Amino acid sequence: MSSPILSVSNLERRYGDFIGCTDISFDVWPGEVVAIVGESGSGKTTLLNCISGRLERSSGSIRYNMRDGRFPDLADLSEAERRFLMRTDWGFVHQNPADGLRMRVSAGANVGERLMAIGDRHYGEIRDTATEWLGRVEIAGDRIDDKPVAFSGGMRQRLQIARNLVTRPRLIFMDEPTGGLDVSVQARVLDLLRGLVSDLGLAVVIVTHDLAVARLLSQRMIVMKSGRIVETGLTDRVLDDPHHPYTQLLVASILES
Amino acid sequence: MSVSSNEKRNALLSVRQVAKSFTMHLRDGVVLPVVNDVNFELFAGECVVLGGPSGVGKSSILRMVYGNYAIDSGEILIRQNPFGEPRDLGAGDPRLVLDLRRDCIGYVSQFLRAVPRVSALDIVAEPLVSRGVDRTVAAEKAAGLLRRLHLPEALFDLPPATFSGGEKQRVNIARGFITDHPILLLDEPTASLDAGNRDVVISMIREKLDAGTAILGIFHDQPVRDAVATRTIDVSAFSARRAA
């Protein structure tokens, strides 16, 4: 496809006089992973919530390339269309799995629910697909009837990933997907994400404050500070040859390993 | 080595008037010049060696040609074949750089950046898989290269994080050589290899040259340099530090 899947132009979000994010323009292309990095309060989560339709913008445009070839602004979609997008074409992986899962229904139902939302009704098939996806995120099949409350943090995060990917979305938003996990668990979730993203050819916008995560997963990087983009480019170029003072500070703050 | 002397064949890589410096904002904006007015061309089937003492900017030039370092000015023109249209990697468009890396430029860096949990075999096969080659076919070719470089089979399915320096380097070499990129950048590929494996790498380089690959490399190892170099460029001539 020779056009972006998501196109953001002059986006701004204000909270009264306070700037959440401003002057934001970038495109996301099919199959690419774009990392948005910056410290707490830099506006990266505000930006992610705006472009994923979870937070109203103050101004600017956010256009999405629909499966049927239309390229409308999200604001011009009907509520039904927007809901359909969120259930099928898009995924959203929260930092805290509890925000993206239903903690009191079974793991299988958490995955199957997204399938039912797009019209699947055959119980056996839904269960088979759910089992397959649990396997893909390395959750043993015999845990399918357990509830996420009985899962560890890493398992919950993997379950949230399965729930998001089961409908074969084209675009996934992720907010610090490994932020709350132990380092050893992080590596497993990251590797899983990396594999799934490349196998499925997903486009991903991932917010992280961890430059190692950005390096591992993304091809392109956007660096934010005080609500503005201060540097963008190829991920390894930004990390190995940072130009903006703030990016240099971020990179200089990583421990050498 | 002007274009006119090769009028029937275009260079695969043309570096024109390239300058590069680092501005250290955390050090009161001090500017570290690296190279100035870099000009050279690289043709199919030749192995051009970047020469000169340490710190003169050899690795920086490789990194610029790979798009890993941005340039301050000039052009880095890449052709997929001698009759292709030149594309300017130096302009820094990330998507163009990614396309060129997939299709035109391979790179063997000095150090392998290992990814947790990914096996040596998958790391080597990955450039082929990303170009759409079937996973099984890519894995077979990867295994063949690793065998040729005498990596013990027992290591194929392990992530290289715990490998020795020489083992990691061989994984890195196999990964760089598995594709048929028209341009191959080599940053001291034999630095931590024993004599036997060094000779393997020399024959692998010669095979690439016979196949028409254009190679730009840094080799501190004199026997390797003597065995593969068709031309040497003295990077001191471009060094901005000499004057600084």
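What follows is calculated from the coordinates using simple rules that are stated; it is not laboratory data. These figures come from a predicted structure and were not determined experimentally. Backbone-built Cβ (ideal geometry, glycine too); neighbour counts: all protein chains shown.
Legend: ranking of residues B:136, B:230, A:45 from fewest to most surrounding C-beta atoms inside 10 Å; resulting order B:136, B:230, A:45. Directionally averaged projected area (chain A, Cα convex hull): 14.3 nm². Since only B:29, B:90, B:108 are under comparison, the one whose Cα sits farthest along the positive direction of the charge dipole of region B:14-114, derived from C-beta charges on Lys, Arg, Asp and Glu, is B:108. In the protein assembly as shown, helices alone account for a calculated mean residue ellipticity at 222 nm of -10500 deg cm²/dmol, with every DSSP H run of four or more residues adding -39,500 (n - 2.57).
Hey, with R₀ at 25 Å, roughly what FRET efficiency would residue A:149 and residue A:116 work out to, going by the Cβ-Cβ distance, to 0.05? About 0.70, to the nearest 0.05.
Please give the contour-minus-distance gain from residue A:254 to residue A:105: 0.36 nm per residue of separation, less the Cα-Cα distance, rounded to one decimal in nm. Extra length from residue A:254 to residue A:105 when fully extended: 49.6 nm.
Separation of region B:156-199 and region A:187-242 by C-alpha centroid, Å? Here the answer is 26 Å between Cα centres.
Using every pair of separate Cα atoms, the Kirkwood estimate puts the hydrodynamic radius of the protein assembly as shown at 24.7 angstrom. Applying 1/(1 + (r/R0)^6) with R0 = 51 Å to the Cβ-Cβ distance of residue A:68 and residue B:222 gives a FRET efficiency near 0.20. Only Cα pairs under 8 Å and 6+ residues apart enter the sum, and on that basis the relative contact order of chain B stands at 28 percent. Considering only A:244, A:209, A:94, the Gaussian network model of chain A with Cα springs below 10 Å gives its largest mean-square fluctuation to A:244. Using the Cα coordinates of region A:103-168, the gyration tensor eigenvalues translate into equivalent-ellipsoid semi-axes of 18, 11, 11 Å, sorted from longest to shortest. The calculated FRET efficiency for residue A:230 paired with residue B:110, based on their beta-carbon distance and R0 = 41 Å, is about 0.85. Here each label is just a point 7 Å from Cα along the line to Cβ, and for residue A:199 and residue B:83 those points are 4.2 nm apart.
In a simple Cβ point-charge model (Lys, Arg +1; Asp, Glu -1; nothing else charged), the protein assembly as shown has a dipole of about 360 debye relative to its Cα centre.
Each of A:122, B:150, B:181 has some number of other Cβ atoms within 10 Å of its Cβ, and from fewest to most they run A:122, B:150, B:181. Taking the fewest neighbouring Cβ atoms within 10 Å as the starting point, the ordered list for A:50, A:21 is A:50, A:21.
At the listed q of 0.20, 0.25 Å⁻¹, the Debye profile of region B:113-180, built from one uniform point per Cα, gives log10 I(q)/I(0) equal to -0.69, -1.08.
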